[in-house]
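Data first, discussion second: the structure below is written as structure tokens.
The values are calculated or read from the model by the stated rules, or taken from the named source; none is laboratory data. Treat the numbers as computed from the prediction; the structure is a model and nothing was measured. Glycine gets a Cβ as well: all are built from the backbone with ideal geometry, and neighbour counts include every protein chain shown. Only protein heavy atoms, including side chains, enter the accessible area calculation; ligands, DNA and RNA are left aside. Shrake-Rupley method; radii C 1.70, N 1.55, O 1.52, S 1.80 Å.
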Number of protein chains: 2
Amino acid sequence: MSMRSLGRELGVEAMALYRYVSGREDLLEAVVARLLDGLAERVEAAGTTSWQEYLQYLAHEIRDVALRHPSAFPLVVSRHPATPWLRPPLRDIDTVEHLLATLTGYGFDEERAVDTYKAFTSFLVGYLLLEVSMRTENVSAVEEPMNEGSAQIPEQDTATDVQGAPHVLRMRERLSQDRGAEEFEIGLEMLLNRIERAVSV
Amino acid sequence: MSMRSLGRELGVEAMALYRYVSGREDLLEAVVARLLDGLAERVEAAGTTSWQEYLQYLAHEIRDVALRHPSAFPLVVSRHPATPWLRPPLRDIDTVEHLLATLTGYGFDEERAVDTYKAFTSFLVGYLLLEVSMRTENVSAVEEPMNEGSAQIPEQDTATDVQGAPHVLRMRERLSQDRGAEEFEIGLEMLLNRIERAVSV
DNA sequence: TCGGCGAGCATACGGCGTAAACAAGGACTG
DNA sequence: CAGTCCTTGTTTACGCCGTATGCTCGCCGA
């Protein structure tokens with residue numbers, strides 16, 4: 001994304017964009033805001049009836065965003081939030097306020113609520129960032145080696161690098177399987193279980 | 001980082017760098033490789049005696065890298081690894097081979113080993129990326145609002161945005177507390193526990 | 001002494017973000 | 001209707017960026 005290329009795509013000169021945004025940074029910030037727009041409201045309106053259900057709903061909502069915009073999601077994660085004590089991808093005060101209010105409403109004390117917020121955001125970042133990066137990387141890249149003169153390519157670069165790594169070789173298929181959804185569900189379930197144990201202490 | 005600024009820092013013109021690296025991308029790739037250099041060997045030499053201890057050692061080793069180079073670590077995470085079925089931050093075949101071999105050696109079947117690899121990498125990305133981003137963001141940024149004419153700034157931007165968010169306001173102190181180390185240890189412990197349960201089934 | 005060669009330099013090209021001045025039209029006001 | 005502004009977009013320019021190309025030197029072996 002560049003101002004000039006975006007302008008070209010809109011049939012307009014780059015400088016015309018500056019009538020509407022105050023600069024590139026502002027534009028990217030607006031993209032992030034758009035992606036997360038209405039999140040707090042949707043979560044509010046979902047009418048969940050337990051903190052587990054609440055966090056599940058919120059997690060799936062964020063995952064939807066990530067999968068709908070896999071190439072924009074890293075922006076949500078890497079951009080510094082409004083204040084240093086918020087963390088991506090739950091980076092606006094409304095959403096965090098709602099989360100903390102909800103957890104408190106279900107009996108969490110302050111420490112548990114904040115710990116849950118932190119663990120929850122870390123979980124989302126870890127799973128979703130890797131998931132969208134897997135979904136994005138083959139779209140661009142490749143660099144087109146052109147295959148000019150060299151005769152047979154053994155098996156892409158795979159077979160060459162993987163010599164002397166029998167376990168990797170054996171599990172290669174399994175490693176490249178996309179089980180993003182199940183991994184996410186299982187990881188989320190485990191996270192909720194461990195929060196549950198921490199709360200009941 | 002730009003080629004020109006790096007050259008300036010080395011007392012040399014930018015183009016001189018091209019005698020040693022083939023371009024900016026190569027240079028960044030080399031930085032990542034350097035950060036993770038010898039990881040597999042160190043893990044091998046550690047002589048751990050259980051898979052739990054092994055993963056703990058590996059996790060701490062990676063965390064050390066992240067904390068030693070907080071502004072370079074996002075590079076490790078965001079750069080596409082050599083092959084699509086590897087995931088940051090465990091992105092070289094040697095390390096992954098050693099991990100899978102070790103887990104297999106402790107009785108993991110293929111599915112458990114691969115699931116563990118995926119969960120482990122997600123955990124590392126989630127925790128460490130947010131931790132280094134917290135440690136980095138106040139170094140630059142700030143934009144220097146200069147405080148030109150306006151008289152009293154109430155309490156930085158904090159108090160203004162946080163109106164109507166009583167929970168956030170109340171837990172602000174706790175939210176900004178840096179408990180990175182404890183969070184990491186607890187999260188890691190929990191991850192190991194849940195892997196243990198999955199394995200013993 | 002001389003030729004080659006490796007390290008660094010100078011220049012140049014196209015692309016980037018964006019500041020500043022300008023132009024064209026459309027909408028209001030008299 | 002004329003005259004004014006206000007909105008929208010363009011043009012030009014500046015200083016960055018990565019990097020392709022070609023040059024200059026000083027050193028080192030023959």
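So which residues in region B:103-117 are at negative phi and surrounded by fewer than 19 Cβ atoms within 10 Å (Cβ to Cβ), if there are any at all? Of everything in region B:103-117, those that are at negative phi and surrounded by fewer than 19 Cβ atoms within 10 Å (Cβ to Cβ) turn out to be B:104, B:105, B:106, B:109, B:110, B:111, B:112.
Test residue B:165 against the criterion of being open to solvent by 10 Å² or more (accessible area, probe 1.4 Å) and either at pLDDT below 70 or small (Gly, Ala, Ser) (or both), and give yes or no. No. Answer yes if at least one residue in region B:53-61 is touching a Leu at 6+ places or on another chain (Cβ under 8 Å), within 14 Å of chain A (Cβ to nearest Cβ) and at pLDDT below 95, and no otherwise. No.
Scanning region A:43-71 for residues that are over 18 Å from the mean Cα position of the chain (by Cα) and open to solvent by 20 Å² or more (accessible area, probe 1.4 Å) yields A:44, A:45, A:46, A:47, A:48, A:49, A:50, A:51, A:52, A:53.
Among the residues that make up region A:81-92, is at least one of them among the acidic types (Asp, Glu) and in a helix (DSSP H, G or I)? The answer is no; no qualifying residue exists. Within region B:86-102, does at least one residue satisfy the condition of being surrounded by 20 or more Cβ atoms within 10 Å (Cβ to Cβ), at pLDDT 95 or above, over 16 Å from the mean Cα position of the chain (by Cα) and facing chain A (nearest Cβ under 7 Å)? Yes: region B:86-102 contains one or more residues that are surrounded by 20 or more Cβ atoms within 10 Å (Cβ to Cβ), at pLDDT 95 or above, over 16 Å from the mean Cα position of the chain (by Cα) and facing chain A (nearest Cβ under 7 Å). Listed by position, the helices (runs of 4 or more DSSP H) inside region B:1-47 whose residues that are within 16 Å of DNA strand D (Cβ to nearest atom) and either in contact with a Pro (Cβ under 6 Å, 6 or more places away or on another chain) or not aromatic (Phe, Trp, Tyr) (or both) number at least 1 are B:3-9, B:24-35. Taking first residues from region B:183-197 that are more than 8 Å from chain A (Cβ to nearest Cβ) and partners that are open to solvent by 70 Å² or more (accessible area, probe 1.4 Å), no Cβ contact under 6 Å between residues at least 6 apart in sequence or on separate chains turns up. For region A:11-29, the candidate set comprises residues that are hydrophobic (A, V, I, L, M, F, W, C) and either more than 16 Å from DNA strand C (Cβ to nearest atom) or loosely packed, with under 14 Cβ neighbours inside 10 Å (or both); within that set, the residue that is farthest from residue A:95 (Cα to Cα) is A:12.
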